[in-house]
Amino acid sequence: MCVADLVHRYSLVQERLEAACLAAGRKRSEVTLVAVSKLHTAEAVAAVAAVGQIDFGENYVQEALQKREALRGSERISIRWHMIGHVQSRKAAQVAGTFALIHSMDSRRLADGMERRLAVEEKRQPVLIEVNVGAEPQKSGVLVQDLPALAEHLCMACPHLELRGLMCLPPVFDAGEAARPYFAQLRQLRDDLRVRLNLSLPELSMGMSGDFEAAVAEGATMVRIGTDIFGPRPHRAV
Ligand SMILES: *Cc1c(COP(=O)(O)O)cnc(C)c1O
């Protein structure tokens, strides 16, 4: 896609997000747009960053690290990188301390692996716990019933991990309002956890191209939008 098309699509997403905030009676500043650039080029990222986008989300560790390296030192753009895809626990040390936010914390093993590395490097890593709200076997994320135990583990045993909130991918895809009950559920889970752990847990990462308006209505503080900005994704080479 050419730069002009990208910039145009990006501005349409910004307009929709503004309208969604207005409709929900929320301030635009309460919702961070994370542009999901997985499988898109560093050049496409640079084009969107050049018109002011700061937060970018990636799904695959290797691809994310390479893209970040390619863009390091680019003038006039400063990017905050988010890891939004599943991280295998054997890659814990590679990601620990290197992303602005990891949205996809989902196991003790991953937490412990990251904690060990962070302790050595004396770094802190903000994370969200990904919740498998639809209890789908093929999806990552913790099951709802396992959420409190993982959250407590992070608080008690992982002093270098900073739990900031929750993330989900609803079981319905590109379904707009049909996803809304899952977003409401994630917010409720966050509210319960807040009381239980006495933490502020300010972030709710929920909503994608096909359903972010519903997520904003249910309190999303981060929406992760790929297709509507960058266009359809090329298939992943394996
Ligand atoms: C790919 C992806 C997105 C973006 O999805 P679009 O439908 O392209 O907007 C958001 N969140 C996660 C976790 C993803 O993997």
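Throughout, read-outs are computed from the coordinates displayed, never taken from laboratory work. Just so you know, these numbers come straight off a predicted model, no measurement behind them. Cβ atoms come from the backbone with ideal geometry, glycine included; neighbour counts cover every protein chain shown.
Name the most mobile residue of 78, 29, 200, meaning the one with the largest mean-square fluctuation, in a Gaussian network model of the chain with Cα contacts below 10 Å.
Looking only at 78, 29, 200, the biggest GNM fluctuation is shown by 29.
Near the amide H of residue 24, under 5 Å away, which other amide H atoms are found, from residues 5 or more places off or on another chain, if H is placed in the peptide plane?
Amide H neighbours of residue 24, under 5 Å, 5+ apart: none.
If you split all Cα-Cα distances of segment 1-44 into 10 Å bins from zero, what percentages do you get per bin, shortest first?
Going from the shortest bin to the longest, the percentages are 24, 45, 25, 6.
Once the Cα gyration tensor of segment 1-136 is found, what semi-axes does its equivalent ellipsoid get, as square roots of 5 times the eigenvalues, in whole Å, sorted largest first?
Working: eigenvalues 155, 79, 36 Å².
With the √(5λ) rule applied to segment 1-136, the semi-axes are 28, 20, 13 Å.
Membrane-span-like helices in the chain: DSSP H runs reaching 27 Å or more (Cα, own axis), mean Kyte hydropathy at least -0.5?
The qualifying helices are 3-23.
By average Cβ neighbour count within 10 Å, what is the ranking of 49-57, 179-187 from highest down?
Result, highest mean Cβ count within 10 Å first: 179-187, 49-57.
Could you work out the per residue convex hull volume over the alpha carbons of the chain, in cubic angstrom? Can you show the working numbers first?
Values: hull volume 29.9 nm³, N = 238.
Each residue corresponds to 126 Å³ of Cα convex hull volume.
Mind checking segment 87-178 for trypsin sites (Lys or Arg not before Pro) that DSSP puts in a loop (not H, G, I, E or B) and that have at most 11 other Cβ atoms within 10 Å?
Of the trypsin sites (Lys or Arg not before Pro), not one in the loops of segment 87-178 has a Cβ with at most 11 other Cβ atoms within 10 Å.
Taking 0.36 nm per residue of sequence separation and subtracting the Cα-Cα distance, how much length would be gained by fully extending the chain between residue 88 and residue 233, in nm to one decimal? Kindly include the intermediate steps, with their values, before the conclusion.
Working: separation 145, 0.36 × 145 = 52.20 nm, distance 2.26 nm.
Working it through step by step, the gained length comes to 49.9 nm.
Name the GluC sites (Glu not before Pro) in segment 95-147 that are in a loop by DSSP and that have at most 15 other C-beta atoms within 10 Å, would you?
For GluC sites (Glu not before Pro) across segment 95-147 that sit outside H, G, I, E and B with at most 15 neighbouring Cβ atoms in 10 Å, the list reads 122.
Percent of Cα-Cα pairs more than 17 Å apart in segment 148-200, please.
Working: 610 of 1378 pairs.
I get 44 percent for the Cα pairs in segment 148-200 exceeding 17 Å.
Can you show me the helix-derived [θ] at 222 nm for the chain, built from DSSP H runs with n ≥ 4 at -39,500 (n - 2.57) apiece and divided by the number of residues, rounded to the nearest 500.
Counting only the DSSP helices, I get -12500 deg cm²/dmol.
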